[in-house]
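Worksheet: the structure to be examined is printed underneath.
The values are calculated or read from the model by the stated rules, or taken from the named source; none is laboratory data. Bear in mind the structure is a predicted one, so any value in this text is a computation, not a measurement. Heads up, the Cβs are rebuilt from the backbone with ideal geometry, glycines too, and the neighbour counts pull from every protein chain shown. Each accessible area value is taken on the protein alone, full model and side chains, heavy atoms only, with ligands, DNA and RNA left out. Shrake-Rupley method; radii C 1.70, N 1.55, O 1.52, S 1.80 Å.
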Amino acid sequence: MRTEPVPTATSPRPGGPGRRGRGALAGLLACGAALGAAELLAGLIAGQASPLLAVGGAAIDATPEWLKEFAIRTFGERDKLVLLTGIAVVLAALAAAVGLLAVRRPRLGLAGVAACGAVGAAAALSRPGAAPLDALPSAAGALAGAAALTALISATRVKTRPGVTMVGVDRRRFLVTGVLVAAGAVAAGAGGRALARRSDVAASRAAVRIPRPAGAAAPLADGAAVDLPGLSSFYTPNRDFYRVDTALVVPRIAAEDWRLRVHGQVRRELDLDFRQLLARPLIERDITLSCVSNEVVGRYVGTARWVGVPLRELLEDAGVQPGADQLVSRSADGFTVGTPTAAVLDGRDAMLAVAMNGEPLPLTHGFPVRMLVPGLYGYVSATKWLVDLELTGFDDFDPYWVRRGWARQAPVKTMSRIDTPRPLRRLAAGRVAVAGVAWAQHRGIRRVEVRADGGPWRPARLAAEHSTDTWRQWVWPWDATPGRHTLEVRATDGTGATQPEDRAPPFPDGATGWHSVVVTVA
Ligand SMILES: Nc1nc2c(c(=O)[nH]1)N[C@H]1C(S)=C(S)[C@@H](COP(=O)(O)O)O[C@H]1N2
Ligand SMILES: [Mo]
């Protein structure tokens, strides 16, 4: 390409504003080229996460507890989008800085690119189950970034001809190079993502047939499910079921590729595939699952009909050795959970679930296999994308959240919630159905009481008890009089213990306190 110095007022001096702006732009474009090349390589060596997602995953694991709590509280289920946006902003600032540096000191600019590549490679290699090959996308990205940066920076360099003293930026060449780099980056990135989706787990899931459970769920008793506008339905549809996990990208494991290892302090190691798992007698159970991060007002709770393999029978086949008081379960993405072995063996319906509300587990809820132990918060019982069970001791291993200060033992705390009326609602005077749900999995709910304006507690009408492992809906008919009113609810569990009034945050073993709602009656 012919290069022509362009003497103009807007790009007058070497290193002037025109060059600096182009330097920053060159950095951003080179960063795009690097990411595009990295995505392409990540897609080619199928199954490996891109450096960008590896950095994101490492950032999630390294986030201090207070920040994580703040993020969950502030952004809810959008926390991952916020994290990715944050990474993009930091990366863009870094890229612009490298570009600016490269204008004056090209070698230092290239060193900056190499450093970014090294960070990407280190993050990729630090991910659970990483192989040396996982450094490749970062290396390819760094090479592409360096090449793009060199080409773009040389286009910002001043050209002089003998006898000509004009100085300036070679705009045309910069523009053409920039467009080529951007187009290449987008094409490579899109190609990489398409390749990554090639191994389609959705097809595997669609092909799964869950055999009829030998132990069908008890039919729903009359009056166990109340249908009332504003009240949570007894079964939570899968699309509405809360999702809480540390996975930036949902692990994608085809049922055909799934294997489970049961090992550690056992008499006999087990190794089974999905077909062998489904060949075991299945049970079908209605179980309410709740998250320790659920605030008093929270929605991180839901009830589903699950089908799975009784975990106790599996562990009995393996032969648990005395002293193995902790069952450590591992997810395909390296996440770990520690469950008291005693809780799994005490006769409750602990299971390896394969179906949720009549379909194979949704990918986001752990396809193909997840664990469930009624009565325990999710982080100590409900491992999704389960691939490994190890019998060990509580003294021998700290799982993911325990390492971050959460309690080792975390039975669900008794909780109740007013679903309707919604807070700050304006209501008409007269009969109002106050209604909600209460849960104390595996102990059951014996009583729910409601009061208005700190008056006497009144018993709510409870839906029939379906199982102690599920929540109970409740309704309280209230004669609303004009004015502003505070409604409060509290539940008493099957042991007779009443939900305490003291407000405590979720950390370290679950929130406590009464839910209250303020409404205005006209
Ligand atoms: N692999 C994996 N499993 C996991 C988690 C996780 O981060 N990774 N989070 C646990 C937590 S804290 C909860 S509350 C439940 C939530 O399950 P759900 O997303 O299906 O509602 O999953 C548990 N299982
Ligand atoms: Mo959780």
- prompt: Looking at (1) open to solvent by 60 Å² or more (accessible area, probe 1.4 Å); (2) away from ligand 2 (no atom under 16 Å from the Cβ); (3) modelled with pLDDT of 90 or more; (4) touching a helix residue (DSSP H, G or I) at 6+ places or on another chain (Cβ under 7 Å), which is the one condition that is false for A185?
  reply: (1)
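Matching residues to (1) within 16 Å of ligand 1 (Cβ to nearest atom); (2) outside the structural domain of P322 (by TED's automatic domain parsing):
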{"site": "G192", "(1), (2)": "no, yes"}
{"site": "R212", "(1), (2)": "no, yes"}
{"site": "L231", "(1), (2)": "no, yes"}
{"site": "E269", "(1), (2)": "no, no"}
{"site": "L282", "(1), (2)": "no, no"}
{"site": "R285", "(1), (2)": "yes, no"}
{"site": "C291", "(1), (2)": "yes, no"}
{"site": "N294", "(1), (2)": "yes, no"}
{"site": "A304", "(1), (2)": "yes, no"}
field: Qualifying residue in segment 49-57 (condition: open to solvent by less than 30 Å² (accessible area, probe 1.4 Å) and part of a loop (DSSP other than H, G, I, E, B))
entry: yes
query: When you scan segment 408-484 for strands (runs of 3 or more DSSP E) that lie fully inside it, which ones turn up with 1 or more residues that are surrounded by fewer than 24 Cβ atoms within 10 Å (Cβ to Cβ) and among the acidic types (D, E)?
result: 415-420, 445-452, 472-480
Pairs, first on the phi > 0 side of the Ramachandran plot in segment 260-274, second part of a strand (DSSP E or B) and open to solvent by less than 20 Å² (accessible area, probe 1.4 Å), C-beta under 7 Å, six or more apart: G264/L391; G264/T392
query: Under the condition of being of a type in the set (G, A, S) and touching an Asp or Glu at 6+ places or on another chain (Cβ under 9 Å), which residue from segment 266-323 is surrounded by the most Cβ atoms within 10 Å (Cβ to Cβ)?
result: G308
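Report yes if A102 is touching a residue at least 40 places away in the same chain (Cβ under 8 Å) and either closer than 14 Å to L29 by Cα or not basic (K, R) (or both), otherwise no.
So A102 fits the description; yes.
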- prompt: List the pairs whose first member sits in segment 378-397 and is more than 16 Å from ligand 2 (Cβ to nearest atom), whose second member is acidic (D, E), and whose Cβ atoms are under 8 Å apart, counting only residues at least 6 apart or on separate chains?
  reply: G393/D325; F394/D325; F397/E390
- request: Consider A142 carefully, then state whether it is at pLDDT 90 or above, assigned by TED's automatic domain parsing to the domain that holds L110, in a helix (DSSP H, G or I) and in contact with a Cys (Cβ under 8 Å, 6 or more places away or on another chain).
  value: yes
Scan of segment 324-367 for residues that are surrounded by fewer than 21 Cβ atoms within 10 Å (Cβ to Cβ) and within 16 Å of ligand 2 (Cβ to nearest atom), ordered by number: T336, T364
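Here is a check on your reading of the model: is L248 touching a residue at least 40 places away in the same chain (Cβ under 8 Å) and outside the structural domain of R472 (by TED's automatic domain parsing)?
Working: touching a residue at least 40 places away in the same chain (Cβ under 8 Å): yes; outside the structural domain of R472 (by TED's automatic domain parsing): yes.
Against the criterion (touching a residue at least 40 places away in the same chain (Cβ under 8 Å) and outside the structural domain of R472 (by TED's automatic domain parsing)), L248 qualifies.
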query: List pairs: first in segment 330-345 and within 17 Å of L260 (Cα to Cα), second open to solvent by less than 10 Å² (accessible area, probe 1.4 Å) and at pLDDT below 95, Cβ under 6 Å, 6+ apart or cross-chain?
result: D333/A247
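When you look at D257, is it touching a strand residue (DSSP E or B) at 6+ places or on another chain (Cβ under 8 Å), more than 16 Å from ligand 2 (Cβ to nearest atom) and open to solvent by 20 Å² or more (accessible area, probe 1.4 Å), yes or no? Please lay out each step first, then the result.
On the way: touching a strand residue (DSSP E or B) at 6+ places or on another chain (Cβ under 8 Å): no; more than 16 Å from ligand 2 (Cβ to nearest atom): yes; open to solvent by 20 Å² or more (accessible area, probe 1.4 Å): yes.
Answer is no for this residue.
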query: Scanning segment 377-399 for residues that are assigned to a loop (DSSP other than H, G, I, E, B) and more than 7 Å from ligand 1 (Cβ to nearest atom), which turns out surrounded by the fewest Cβ atoms within 10 Å (Cβ to Cβ)?
result: D395
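Filter segment 229-244 down to residues that are away from ligand 2 (no atom under 16 Å from the Cβ) and open to solvent by less than 40 Å² (accessible area, probe 1.4 Å), then give me how many there are. Step through it out loud before you land on a result.
Of segment 229-244, the ones away from ligand 2 (no atom under 16 Å from the Cβ) are 229-235, 237-240.
From what is left, the residues that are open to solvent by less than 40 Å² (accessible area, probe 1.4 Å) are 231-232, 234, 238.
Here the count works out to 4.
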message: Looking only at strands (runs of 3 or more DSSP E) that lie completely in segment 268-367, which have at least 1 residues being closer than 30 Å to D419 by Cα?
response: 283-290, 301-310, 351-356
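Could you tell me how many of the residues in segment 491-504 are in contact (Cβ under 8 Å) with a residue 40 or more places away in the chain and either surrounded by fewer than 22 Cβ atoms within 10 Å (Cβ to Cβ) or of a type in the set (G, A, S) (or both)? Spell out the reasoning first.
Taking segment 491-504 and keeping what is in contact (Cβ under 8 Å) with a residue 40 or more places away in the chain, we get 491-499, 503.
Within this subset, residues satisfying the condition of being either surrounded by fewer than 22 Cβ atoms within 10 Å (Cβ to Cβ) or of a type in the set (G, A, S) (or both) are 491-492, 494-498, 503.
Total meeting the criteria: 8.
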